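Inspection log for the structure reproduced underneath, given as structure tokens.
The values are calculated or read from the model by the stated rules, or taken from the named source; none is laboratory data. Please read these numbers as outputs of a predicted model, since none were measured by experiment. Neighbour counts run over all protein chains shown; Cβ positions are idealised from the backbone, glycine included. In case anyone asks, the SASA skips ligands and DNA or RNA and just uses the protein heavy atoms, side chains included. Shrake-Rupley method; radii C 1.70, N 1.55, O 1.52, S 1.80 Å.
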Amino acid sequence: MTDPVSRQTAPLGQRPRLMQMQGIAKVFNGTVTALRNLNLTVNEGDFISLLGPSGCGKSTALRLIAGLMQPTQGRILWEGGQHAGDLGVVFQEPTLMPWATVARNVYLPFRLRGQSYASVRGEIEDTLGLVGLDKFAGAYPRDLSGGMKMRVSIARALVTKPRLILMDEPFAALDEITRQRLNDDLLALKARIGCTVIFVTHSVFESVFLSDRIVVMAARPGRVVEEIAIPAAYPRGMDFRTSADYAAHTHVVSDALLQAMGEHA
């Protein structure tokens, strides 16, 4: 297996392939076509944003990758025996257990695997340290801010050190300052653990800041209409956010999104 650092630093065209979606269609109730002929290649170390209007099937695509539902047509191919069990998922809402402490919420993936808390205490503490919540291990969700709750959710997705993390608009409900801070933290965490990220967002600005590839989707039915590479080097911070390069990329992506919103089946 390729080591985490080389997966992230290899040029886009030279990264080993992780997963492919080939000719994916998803029809609900026999009448509503959420996705049609969706094709997507994901390489190890990618940070891919799925960007598009409401109803274009971004979240449906994420659920298909996670194995939470099956496609009506097409197939998802995993390299090297990869399967949905080797991934973490972060939803728009933190979905924390209110009766459990922060540490016990992060323990959940291990609990589902039948592992004792004592045997994974070190991994839980390390991961809480990564997201800056090591001093809140004994706190309950009711004691946390919205941003802190999302950090717990991210820690829960990271704690098993998955190769792939799926994130469904995790920062959409947060204020702009908290959102930017968590964007910064997410890139730092990705660099630390060397994972692949597929990130659903409605925000052009967020997608440009985070991603090395942006997949623009059109609705009616959902499908990929354009892929845009963001070749800016990591790490990225305020210098990138305020740069002419960032502004130019946001213009290109905005134009692509406007065109996608005008697409019809």
Ranked packing of 129-138, 112-121, 70-79, 180-189, most packed first, by mean Cβ within 10 Å: 180-189, 129-138, 70-79, 112-121
Under 5 Å, built H, 5+ apart or other chain: amide partners of Ala34: Lys26, Val27, Phe28
Size of electric dipole in the range 163-265: Cβ of Lys, Arg +1 and of Asp, Glu -1, about Cα centre, debye, nearest 20: 300 debye
What percentages make up the Cα-Cα pair-distance distribution of the range 170-233 when the bins are 5 Å wide from 0? 4, 14, 25, 25, 18, 10, 4, 0
On the first, second and third principal axes, largest extent first, how far apart are the outermost C-alpha atoms of the chain in Å? 52, 46, 38
Just tell me which lysines come within less than 17 Å, Cα to Cα, of Lys135; anything on the same chain fewer than 8 places away is out. Lys149
Collect residues whose amide H, placed 1.01 Å from N in the peptide plane, falls under 5 Å from the amide H of Val90; neighbours closer than 5 in sequence don't count. Leu166, Met167, Asp168
Working from Cα positions, state the angle (0 to 90°, nearest 10) between the long axis of helix 176-193 and the longest principal axis of the chain. 80 degrees
Check the straight Cα-Cα distances from Lys58 and name the lysines below 22 Å, setting aside those fewer than 8 residues away within the same chain. Lys26, Lys190
What is the diffusion coefficient of the range 22-171 in µm²/s, taking the Kirkwood radius over Cα pairs and the Stokes-Einstein relation at 37 °C with a viscosity of 0.692 mPa s? 195 µm²/s
How big is the dipole moment of the chain about its Cα centre under a simple scheme where the beta carbon of each Lys and Arg is +1, that of each Asp and Glu is -1, and everything else is neutral? Debye, nearest 20, please. 760 debye
Tell me the per residue accessible area of the chain using a 1.4 Å probe; a whole number in Å² is fine. 46 Å²
Along the dipole axis of the range 137-265 (charges at Cβ: +1 for Lys and Arg, -1 for Asp and Glu; origin at the Cα centre), the most positive-end residue among Ile198, Gly237, His249 is Ile198
If I compute solvent accessible area with a 1.4 Å probe over the protein chains, what percent of it on the chain is carbon and sulfur? 53 percent
Residue-averaged [θ]222 nm for the chain, counting only DSSP H segments that reach four residues, each worth -39500 (n - 2.57): -11500 deg cm²/dmol
